[in-house]
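First the structure, in the form of structure tokens, and then the observations on it.
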Amino acid sequence: MKASDFTPEVSLSERLALHREHVDTVSYLLAEWAHAIDQDRVEAIAALMLPEGRYTVTSRFNHDRGLPMAIIDARSAAQLRDRIKSMRLANIYQPQSYRHVISAIQVLGHNEAGLLKVRSSFVVVRTLELMGDSMLFASGESHDLIDLQGAHPRFAERRMIYDSRAVETLMVIPI
């Protein structure tokens, strides 16, 4: 996905009609993703993706320049499940939790494959459980391609674009 993929190509009235038609479904899917992570049910996010779905986390710097480097790049729901399994079993990190705030949800149109193009803003606050300190961990924009064809909506692609050029510490938990 390129930045230009999320520049609206249809008229405002067409975007508003699409937005009105799909905003409740899209908002629910975005909230389900956030709550699964915030409630430490991280395994549930892989089920919100198509089997061939892609999840990436990249800096705005890299995204804006078309650079492929991402700090997380899962090219299927199975890869995302593997990453989460290693987070649970192999990684050693300070106990922490996230709290997501999602805003500015916009349904922008469809891509050539008929997937819904959606962008939204996010803020993730991280709390270190032992010390109780909360801090802004990441802020940015999400570019999503959502498949509405199945029994329930799922992400075909989820690109989290964080504003800073680096993250403060290791990103173990997906955002």
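Taken together, the values in this text are just the output of simple stated rules run on the coordinates, not laboratory data. Small disclaimer: the values here were computed from a predicted structure and weren't measured. All Cβ positions, glycine included, derive from the backbone under ideal geometry; neighbour counts span all protein chains shown.
Some points to look at:
- From least to most packed, judged by other beta carbons within 10 angstrom and beginning with the fewest, SER142, SER103, SER121 follow the order SER103, SER121, SER142.
- Between ALA113 and SER11, the simple spin-label model (points 7 angstrom out along Cα→Cβ) gives 3.0 nm.
- Full extension of the chain segment joining ARG65 with MET131 gains 20.0 nm, where the gain is 0.36 nm per residue of separation less the Cα-Cα distance.
- Exposure proxy ranking for GLU157, GLU21, based on other Cβ atoms within 10 angstrom of each Cβ and starting from the fewest, stands as GLU21, GLU157.
- About its Cα centre, the dipole of the chain is roughly 300 debye, where the only charges are +1 on Lys and Arg Cβ and -1 on Asp and Glu Cβ.
- Ordering LYS117, LYS85 from the fewest to the most neighbouring beta carbons within 10 Å gives LYS85, LYS117.
- Percent RCO, i.e. relative contact order, over the chain, from Cα pairs under 8 Å lying at least 6 residues apart: 26
- All other residues whose Cβ lies under 13 angstrom from that of ASP147 are scored, Lys and Arg at +1 and Asp and Glu at -1, for a net of +1.
- Theoretical gain in end-to-end length, SER139 to ALA166 [0.36 nm per residue, Cα-Cα removed]: 8.6 nm
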